[in-house]
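**Student:** One structure, pasted below without further comment.
Quick note: the coordinates plus some simple rules give every number you see, no bench work behind them. Just so we're clear, the structure is a prediction, and the values are computed from it rather than from any experiment. Counting neighbours? That spans all protein chains shown, and the Cβs are built from the backbone with ideal geometry, glycine included.
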Amino acid sequence: MASLSVKPGQRFTLPDWQNNSLLISADAEQQRFNSHHIRQEGRALRNETGNQAKWDEHNSRTHLKDRIATVDRWREALARCLTDIDSEIDALTKVKEAAENALQAKNLCLDVAIECLTFRESRRDIDVVRDPVEEELLKEVKVIEKTKKELQQRVDDAFRQLCLLKEARQQLSLDYRHKVEVLELDRQCMSFNPTSGNISFKVNPTRIPDGSTALSEWEQNSRCNKERAEAEMKASVDLRGAITLSIAQTNNELDAQRIAAEFALRKRIRDMEAALNELRWQEQNTLEEIAEMEEEIRQLEEDIRKRTLDLKVAHTRLETRTYRPHIELCRDQAQYGLTDEVQQLEGTIRALQQKRTESQDALDALYRQLHRIRTDIGYKTNSLQLDNKCMDTRRKLVVPVEKFEPEVDAVNRTRDLPRKSQLEL
C-alpha cells in the first residue's frame, strides 16, 4: 500500500506567512523612505554647498577687483608723482646751471674791480688817497664776494636738493614697479577659473608668507613715499624761487626788490583769481541748492495740501458716521480706523509743517549766504582789477638786460615784459 511522503522541515502557520509579507512590505517602505530622505538631504547639501561655493568665489573675485582698483589708483598717483618729480628735477637742474653761470660771470666783475684797485695802487704821493672811488671799489669787491658766497651756497643747496629729489624718485620708482607687478599677479588671479589649465593643488596655500605686511602698513608706506616726494618737490620749488631771487640780487638790490614785489603781486593775483573762482563756484552751487530747496518747499506745501485734503475726508467720514441711528452707532473697526487715520494725518501734517519751516529757514540762510558771496565777489573783483592795473603799471619799469637768463623760471611762469625790460639773470 502506497504511503504519502512528508517533506521534512518546519511548518509555518498562515498568520506567520502573512506577518512575514507585511514585515517585508514595511521594511521596503522604510528603506524607500530612508533613501528618499537621504536623497533630499543630498540635494539640499549640493544646493547649499554649490551656492556657498559660488558666493565665496564671487566674494573673492569682488575683493580682488577692489584690491586691483585700489592698487591701480595708487599706481596712477605714483605715476603722476613720478612725472612731477622728473619735471622738478629738470627744472631745478636748469636753475642750478643758471646759478653756476651767474657765479662764473661774477669772476669777471671781481677781476675788473680788483684790477681797478691795482691800477689805483700805482698812484703816487698825494694822489694816494682814500677817495670815494676807492671806497666804492672796495665796497664793490665786498658785494661781489658776498654775492659769490651766496650763489655758491645756493648751488650747494640745489645739489643737495637734487640728491634728495633723486632719492625720493628712486623710492617712488621702486614702489611703482612693485605695484605694476602686483597688478599683473592679481589680474592673473582674476583670470583663473575652474576650466583653466594651470590650476592645481598647492602645498599649504593658506600659510602667511615671510615678510608679509599689514594693509595699514602697506598703505602707510605708499603714502609716506608720495608725501615725501611732494615735500621734496615743494622744497625744490621754494629753493628754485630763492635761487632765482639770489641771481637777481647780484645786480641791484632795487631790482631784487622789484622782482620780489612782482612775484608777490603775481602770487596775489593768482590767489585772488583762485578765490574768485571758488566764490563763483560757491555762488553757482548755492543757486542750485536754492533752486532745489525752493522745489523741496513747493513739494512740502503740495504734500501738506494733499494731506489736509485727506484729513478733511477723514473728518467728514467721522462726522457723517455720527448720524448712524440707534444701535448702529457703534464703535466698529471702521470707526477705530478713521480715528487712527485722523491722528496719523494730523501728526504727518505737523511733521510736514515743521519740515517746511526748517526748509524755509534754510532757504533764508542760503539767500543770506548768496548775498554775502556776491558782495565778496564784488570786493575781490575790484581788488583784482586794481592788482592788474598795478601789473600794467609795473611794465613801465625799465631794468637792464643781463648776459645770463635761467632757461626755466623758478616759479614756472614767464614774465610778459618786453625783452629790453626783462631782468638779466
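**Student:** Among the listed pairs LYS139/LYS234; LYS306/LYS355; LYS94/LYS234; LYS166/LYS234; LYS65/LYS179, give every one whose C-alpha distance is greater than 26 Å.
**Tutor:** LYS139/LYS234
**Student:** While we're here: Just to check I understand the Karplus step: with θ = phi - 60° and J = 6.51 cos²θ - 1.76 cosθ + 1.60, what whole-Hz values come out for segment 189-195, glycine and proline as x?
**Tutor:** Computed from phi, the couplings for segment 189-195 are 4, 4, 7, 5, 8, x, 9 Hz.
**Student:** What is the sum of charges around THR308, taking Lys and Arg as +1, Asp and Glu as -1, for the other residues whose C-beta is under 13 Å from the C-beta of THR308?
**Tutor:** Value of the local net charge: +1.
**Student:** Starting at the first residue of segment 21-27, write each ³J(HN,Hα) from the Karplus equation 6.51 cos²θ - 1.76 cosθ + 1.60 with θ = phi - 60°, in whole Hz, x for Gly and Pro.
**Tutor:** The phi angles translate into 5, 5, 5, 4, 5, 5, 4 Hz.
**Student:** Could I ask something else about it? Quick check: pseudo-label points 7 Å beyond the Cα along Cα→Cβ at ASN277 and ASN47, how many nm apart are they?
**Tutor:** The two pseudo-label positions are separated by 6.0 nm.
**Student:** Could you give me the ³J(HN,Hα) list for segment 63-69, computed from phi with Karplus coefficients 6.51, -1.76, 1.60 and θ = phi - 60°, whole Hz, x at Gly and Pro?
**Tutor:** Karplus values, whole Hz, x for Gly and Pro: 4, 5, 4, 4, 5, 4, 5.
**Student:** Gain in length, GLU29 to ARG207, computed as 0.36 nm per residue apart minus the alpha-carbon separation, to one decimal in nm?
**Tutor:** The GLU29-ARG207 span can extend by a further 59.0 nm.
**Student:** Moving on. For segment 13-97, compute Rg over Rh where Rg is the Cα radius of gyration and Rh is the Kirkwood radius from the inverse mean 1/r over Cα pairs.
**Tutor:** Checking Rg against Rh, the ratio lands at 1.80.
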